[in-house]
Amino acid sequence: GGTRIGYIDALKGFAILCVVLGHVADGYLDGNTYPEANQILFSIFNIIYAFHMPLFMTISGYVYAVAYYDSAGKPDRRRIHRQIGNMVIVYAVFSVLYGVTKVLFSHYTNKPVQLTDILLIWGKPIDLYWYLYDLILLYLLFTNPIFHKADQWIMTLILMAVALLRRYVSIGWFQISNVLYYALFFYIGFSGKDHPKRLIGNKRITVGAAAVSICLSLILWDKNLYVDRSHAVFLNSIPVANILIALGLSMILWYLFENVRFLSENKLLIKIGRYSLEIYVLHCFFTAGLRAVFSRIGFIDPIVSIGLNFAISSVVPVAIALVCRCLGIHELVFRPVNFILQMKK
């Protein structure tokens, strides 16, 4: 309900478009839909997955601090719990809808879902909805004032060490491994609100981190022809390097969107960013279906198919959200707790 920050909305718009394109590429690559385009798809996937969710978590941490912490460093737990309630309901509803859809159309999906998977969403998210699940846990975790009071560099180093331990955690329940990893990025965004020597937006740190990130990406890039997923080297799965690459790329993108007017005031990206939640929860219903349809139309070029899938999967969720606004049910669908509280008034 506060004043929106233009460059943050634009950055969210860019990030959510990366999410959609990454999922489109992942689907085509995993299904080997267009073998002749696998090298291009691998490149798209490898670049996007190297940074897109760490960037999203960094943005989420910053927005969390701006929206729910006052100038004295005190969290507004009532509003945080309300937003967690919104996310819990949205997570549950869309996870069930997505799971049922995948069960009904199992012949057209790369990763089939069982009814037991739907029943276990309280402990094991289905596919992309892990982000909302993790965000709920991070919202709860960061109500602890220690994250605001601690020395920024010490806390960053601690969380970096924790993130490095992620690969040794084999617990498959409650997203423990993911939370250990993404807490670092959430904190970097979170600490960017008040700290004068913040990591994000700091030119010197950004240049250094970006240089390390780009060098590592070039050195570790899999130069072999893509054969299949089991033989490929993905930047986001290389221990230690994946954290440094994600940090560097996220920081340079943040700096560019904060300081380059063409990006910070891009009306299209700002509009898309304001509907990032709606795009996130809805786009997956279109990417798989469109892939199945386009792959059966023989005359469609692979690049055209990928481009159309990306465009439609990005635009239609925004259109649905706008229709919901016109019908007066947008809050009910995407912020149900807010809707219930407004009804009580």
Being part of a helix (DSSP H, G or I), loosely packed, with under 14 Cβ neighbours inside 10 Å and either more than 16 Å from the chain's Cα centre (by Cα) or not small (Gly, Ala, Ser) (or both) is the requirement here; does Arg82 meet it?
no
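Here's the yes/no breakdown for (1) β-branched (Val, Ile, Thr); (2) surrounded by fewer than 14 Cβ atoms within 10 Å (Cβ to Cβ):
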| residue | (1), (2) |
| --- | --- |
| Val113 | yes, no |
| Thr116 | yes, yes |
| Lys124 | no, no |
| Leu128 | no, no |
| Thr143 | yes, no |
| Ile146 | yes, yes |
| Met160 | no, no |
| Gln175 | no, no |
| Phe186 | no, no |
Taking the stretch 102-122 and keeping residues closer than 30 Å to Leu341 by Cβ and part of a helix (DSSP H, G or I) leaves Ile118, Leu119
Answer yes or no: is there a residue in the stretch 267-281 that is closer than 20 Å to Pro112 by Cα, touching a Pro at 6+ places or on another chain (Cβ under 6 Å) and either in contact (Cβ under 8 Å) with a residue 24 or more places away in the chain or not hydrophobic (A, V, I, L, M, F, W, C) (or both). no
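Hey, does the stretch 50-58 have a residue that's outside any helix (DSSP H, G or I) and free of Cβ contacts under 8 Å to residues at least 24 places away in the same chain?
From the stretch 50-58, those outside any helix (DSSP H, G or I) are 50-51; that's our starting set.
From what is left, the residues that are free of Cβ contacts under 8 Å to residues at least 24 places away in the same chain are none.
Taking every residue of the stretch 50-58 in turn, none turns out to be outside any helix (DSSP H, G or I) and free of Cβ contacts under 8 Å to residues at least 24 places away in the same chain.
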From the option list Arg229, Arg198, single residue qualifying as in contact (Cβ under 8 Å) with a residue 40 or more places away in the chain, within 27 Å of His148 (Cβ to Cβ), open to solvent by 20 Å² or more (accessible area, probe 1.4 Å) and not polar (S, T, N, Q) is Arg198
Taking the stretch 297-321 and the residues there that are farther than 20 Å from Phe14 by Cβ and touching a residue at least 40 places away in the same chain (Cβ under 8 Å), the one that is surrounded by the most Cβ atoms within 10 Å (Cβ to Cβ) would be Ser305
Of the residues in the stretch 271-281, those that are surrounded by fewer than 21 Cβ atoms within 10 Å (Cβ to Cβ) and more than 13 Å from the chain's Cα centre (by Cα) number 2
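Tell me, yes or no, whether the stretch 295-306 has at least one residue that is of a type in the set (A, V, I, L, M, F, W, C) and out of contact with any helix residue (DSSP H, G or I) (no Cβ under 9 Å at 6 or more places or on another chain).
Yes, the stretch 295-306 contains at least one residue that is of a type in the set (A, V, I, L, M, F, W, C) and out of contact with any helix residue (DSSP H, G or I) (no Cβ under 9 Å at 6 or more places or on another chain).
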Expected output for the stretch 167-187 (first residue within 16 Å of Leu249 (Cα to Cα), partner surrounded by fewer than 19 Cβ atoms within 10 Å (Cβ to Cβ), Cβ below 6 Å, 6+ apart or cross-chain) is Leu184/Met160
With criteria (1) at pLDDT 90 or above; (2) under 23 Å from the mean Cα position of the chain (by Cα), Leu199 comes up short on (1)
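The values are calculated or read from the model by the stated rules, or taken from the named source; none is laboratory data. What you are looking at is a predicted structure, and each value in this text was computed from that prediction instead of being measured. Please note: Cβ atoms are built from the backbone with ideal geometry, for glycine as well, and neighbour counts cover all protein chains shown. Keep in mind that these areas ignore ligands, DNA and RNA; they rest on the heavy atoms of the full protein, side chains included. Shrake-Rupley method; radii C 1.70, N 1.55, O 1.52, S 1.80 Å.
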